[in-house]
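Structure first, then comments.
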Amino acid sequence: EKPNLVVNQNTAKTNPRLSTNQRNAVTTKGPLSLIEAGAGTGKSSVISNRIKYLTDSDVNPKDILILSFTNAAADHIKEIHPGVHSMTINTLVNTIYSSDQPGQSIVSDKTFYNTLLINYKDTANDYMKRFIKAARYLTMRPDETGINYLDEGFKLMSNVIREKPNVALKICQTLGQVTLNMQMLLTYQYLDKFSLPDITQCKYLLVDEVQDNSIFDFMFLLKYTLTQKCNFFIVGDASQTLYAFRNANPRAMNVLESSNVFDIFKLDINFRSRQEILSYANVLLNQTESNIFAKIQLQANNLRKPT
């Protein structure tokens, strides 16, 4: 059971410059919230005001964890909201894994694969053969056949690790090496068994630019939410995915939108452009598959700027 927000009515105030939709999102008390925010509608403003609303409601800043997509964005959050924990999802995973599994160097997929070959090239073990095959795929990039080897390799490695996570973990311990992909997959398997450092624990989890996460990132975040029993507040725009090359997949947002589990809030007032420009953008949004559930149609607001 995830906590609803308990509001201290004497101290919990909202910024009067927020739009109605922004204010509704910032003040939601539900345990699972998805904010669908169109371009220029104040995603960062909502995240920042949500943090302030939580702390004004007597939430300890140390109980708040914000995940941003870049280190620069995470550092900016810490500058304007001292005391909260702010990092990228990769940093979160690395911190959890390294704390429980010290002594393993983070290496590239290519280095890890080469080390595997040096130590296990002549193995007759079927599991190890499949492990090496998955590791090899993770070193490859799309070619003229159109095969996304990175995606296929991640799926293969995910299946291999899920089959025998203890063996996969032992391999990394023996080699003294681990990749970012391996860290993610192993931490997912052992999330309820690893000892989590204080900075990776929370009661309120906020995720910005969630559309740039991969499907597996979404799976990890959902499992993290369940194991931590934390309040989950995510903000994103499925139409603005920038990192498809690293398997970012906005369709995962569509799944959450249609799950009937999340409280949905839509931000459609754009603070940057005139309506003539937005009307043209709306035509393109209507043709965007990832906007199938959100159905965001941007409206201009020339009288107010986001805070």
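The values are calculated or read from the model by the stated rules, or taken from the named source; none is laboratory data. Just so you know, these numbers come straight off a predicted model, no measurement behind them. So basically every Cβ, Gly included, is an ideal-geometry build from the backbone, and we count neighbours across all protein chains shown. Please note that ligands, DNA and RNA were not included when accessible areas were found on the heavy atoms of the full protein model with its side chains. Shrake-Rupley method; radii C 1.70, N 1.55, O 1.52, S 1.80 Å.
Just a few scattered comments:
- Residue count for the range 86-99, restricted to those that are under 13 Å from the mean Cα position of the chain (by Cα), open to solvent by less than 40 Å² (accessible area, probe 1.4 Å) and over 19 Å from residue 229 (Cα atoms): 2
- Residue ID - surrounded by the most Cβ atoms within 10 Å (Cβ to Cβ), chosen from residues in the range 210-245 that are part of a helix (DSSP H, G or I), at pLDDT 80 or above and of a type in the set (D, E, K, R): 217
- Count of the range 40-58 residues which are outside any helix (DSSP H, G or I) and buried (at least 17 other Cβ atoms within 10 Å of the Cβ): 4
- Restricting attention to the range 20-36 and to residues that are touching a residue at least 12 places away in the same chain (Cβ under 8 Å) and charged (D, E, K, R), the residue that is most open to solvent (accessible area, probe 1.4 Å) turns out to be 29.
- Pick from the range 1-41, criterion β-branched (Val, Ile, Thr) and at pLDDT below 85, ranking: nearest to residue 266 (Cα to Cα): 41
- The range 59-77 - residue that is of a type outside the set (A, V, I, L, M) and over 12 Å from the mean Cα position of the chain (by Cα) and, of those, surrounded by the most Cβ atoms within 10 Å (Cβ to Cβ): 63
- Residue within the range 161-173 that is within 22 Å of residue 69 (Cβ to Cβ), open to solvent by 40 Å² or more (accessible area, probe 1.4 Å) and modelled with pLDDT of 95 or more present: no
- The set of residues from the range 192-205 being in a loop (DSSP other than H, G, I, E, B), surrounded by fewer than 18 Cβ atoms within 10 Å (Cβ to Cβ) and either without any contact (Cβ under 8 Å) to a residue 12 or more places away in the chain or of a type in the set (A, V, I, L, M, F, W, C) (or both) comprises 193, 194.
- Just one of (1) in a loop (DSSP other than H, G, I, E, B); (2) under 20 Å from the mean Cα position of the chain (by Cα) fails for residue 83. It is (2).
- Residues within the range 100-114 that are assigned to a loop (DSSP other than H, G, I, E, B) and either crowded, with 17+ Cβ neighbours inside 10 Å or within 25 Å of the chain's Cα centre (by Cα) (or both), tallied: 5
- Screening the candidates 156, 186 for the property of being out of contact with any Lys or Arg (no Cβ under 7 Å at 6 or more places or on another chain), of a type outside the set (S, T, N, Q) and assigned to a helix (DSSP H, G or I) yields one hit, 186.
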